[in-house]
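Here's the structure, in structure tokens; my notes come after.
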Amino acid sequence: MLQTRGPRPQTSAGWQPRPILGIESSCDETAAAVLDGKGQILSNVISSQIAVHAKFGGVVPELAARAHLGMIDMVVNDALAQSRLMKNNLGAVAVTRGPGLAGALLVGVNYAKALSYGLGIPLVGVNHLEGHIASAWLADPTFPLPCIVLVVSGGHTHLYRRETDGRCALLGCTRDDAAGEAFDKGAQMLGLEYPGGPAIDRLARQGNPVSISFPRFQLRRNNLEFSFSGLKTSLLYKLRDMNTPDRAEQTADLAAGYQEAIVQVLVATAFTALTQTGLSALAVVGGVSANSRLRALLKERAEREGIRLALPPMAYCTDNAAMIASAGRHALLTDLQSIRDLDIQPTLYIEPIHTPA
């Protein structure tokens, strides 16, 4: 999670729990949050860039970086004001260092560096994926370990086993598109607005999920991977073969069937991982975990099979800084190190550990 290169390291050994500021700027949301010394959320402020990128149908990296530059100081000050704390009350700063858009990450990391130097407090570089994983414990601090964690967002579809020491073993991931990307591209083909995931979710409620069939990626034995490229191609061909009146009349059914194919694969694979590992706790995090159909299927199956399920509240599903602060706080309370001279890592991943037998 943390980077430890550079000439001026400051170890976290002996760090006393104090309020921590989290900063998130990996993509198209500028966010800041403050947690108190016990890890309770005092504030969680998010500035969305949807209006900036909507006309382009997706995130434009240069525009995202410019928007972060214009908003980050205001967002941090809002988070501090809502927490009723001053900057000199902070005991540490946690910031996303990757993965994400390089220009966007630079804005957050450089701001956090300046704040850390100015206040003389530790700076923690957080892996964005580990931030999402930490969100499962924000609303349910007693959620058990070890457990299975499904991280599902616009850029990631990863399945992990999280151990009691907090480390993660990668069990499987997507071979091509992430689930969130499949939602966005499907929405574009259907002529829906950006962002595509929420748009499909809303429209699918008006459609019949079994009226139009879509292919599901079939797991091979002991394989916990995902694939959504064939699903996108299937939607493309169905639309190509429809005349304009039929497309207009069946858009809701197309959205419902397409969504069903994505969420059923996510649920089936996550529960296969539970069966293979013998675990009985599942956390599903990331932006796609806000999908209403996915949440309904997860809750239904978890209740039926006696699985303890963690689904973060909506405010912590999409990119936010509370999860970054929480992951950073956990790092400071372990034997990991903090350093102010950290670098961004746009292609950062969670370092693998050996999967327990």
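Go through the residues of region 255-273 one by one and say whether even a single one is among the aliphatic types (A, V, I, L, M), more than 22 Å from LEU224 (Cβ to Cβ), surrounded by fewer than 18 Cβ atoms within 10 Å (Cβ to Cβ) and in the same structural domain as VAL210 (by TED's automatic domain parsing).
Checked against the condition, which is being among the aliphatic types (A, V, I, L, M), more than 22 Å from LEU224 (Cβ to Cβ), surrounded by fewer than 18 Cβ atoms within 10 Å (Cβ to Cβ) and in the same structural domain as VAL210 (by TED's automatic domain parsing), region 255-273 yields no hits at all.
Scan the strands (runs of 3 or more DSSP E) fully inside region 8-61 and keep the ones with 1 or more residues being within 20 Å of ALA327 (Cβ to Cβ), at pLDDT 95 or above and hydroxyl-bearing (Ser, Thr, Tyr).
In region 8-61, the matching strands (runs of 3 or more DSSP E) lie at 29-35, 41-48.
Within region 261-304, which residues are in contact with a Phe, Trp or Tyr (Cβ under 7 Å, 6 or more places away or on another chain) and either more than 22 Å from ASP177 (Cβ to Cβ) or among the aromatic types (Phe, Trp, Tyr) (or both)?
ALA281, ALA283, ARG301
Quick one: would you say THR233 is part of a helix (DSSP H, G or I) and of a type in the set (S, T, N, Q)?
So THR233 fits the description; yes.
What do you reckon, is LEU192 of a type in the set (A, V, I, L, M), assigned by TED's automatic domain parsing to the domain that holds ALA268, buried (at least 16 other Cβ atoms within 10 Å of the Cβ) and within 20 Å of LEU150 (Cβ to Cβ)?
Spelling it out, it is not the case that LEU192 is of a type in the set (A, V, I, L, M), assigned by TED's automatic domain parsing to the domain that holds ALA268, buried (at least 16 other Cβ atoms within 10 Å of the Cβ) and within 20 Å of LEU150 (Cβ to Cβ).
Residue-by-condition table, conditions (1) among the β-branched types (Val, Ile, Thr); (2) in contact with a Lys or Arg (Cβ under 8 Å, 6 or more places away or on another chain); (3) outside any strand (DSSP E or B):
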residue	(1), (2), (3)
TYR111	no, no, yes
SER116	no, yes, yes
ASP140	no, no, yes
LEU145	no, yes, yes
GLY155	no, no, yes
HIS158	no, no, no
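Scan VAL107, VAL124, VAL75 and give me the residue that is in a strand (DSSP E or B), more than 30 Å from ALA270 (Cα to Cα) and not assigned by TED's automatic domain parsing to the domain that holds ARG295.
VAL124
Restricting attention to region 66-103, and to residues there that are touching a residue at least 60 places away in the same chain (Cβ under 8 Å) and over 18 Å from ALA325 (Cβ atoms), which single residue is nearest to the chain's Cα centre (by Cα)?
Result: PRO99.
Quick one: would you say CYS147 is surrounded by 17 or more Cβ atoms within 10 Å (Cβ to Cβ), within 27 Å of GLN276 (Cβ to Cβ) and either at pLDDT 95 or above or of a type in the set (Asp, Glu) (or both)?
So CYS147 passes the test.
Each row is one residue, and each column tells you yes or no for (1) closer than 20 Å to ALA296 by Cβ; (2) among the acidic types (Asp, Glu).
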site	(1), (2)
ARG216	yes, no
ARG220	no, no
SER234	no, no
LYS238	no, no
MET242	no, no
ASP246	no, yes
ASP253	yes, yes
VAL265	yes, no
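What single numbered condition from (1) over 25 Å from GLU305 (Cβ atoms); (2) not in a helix (DSSP H, G or I) fails to hold for LEU279?
Of everything listed in (1) over 25 Å from GLU305 (Cβ atoms); (2) not in a helix (DSSP H, G or I), LEU279 misses just condition (1).
The values are calculated or read from the model by the stated rules, or taken from the named source; none is laboratory data. What you are looking at is a predicted structure, and each value in this text was computed from that prediction instead of being measured. Every residue, glycine as well, gets a Cβ built from its backbone with ideal geometry; the counts of neighbours run over all protein chains shown.
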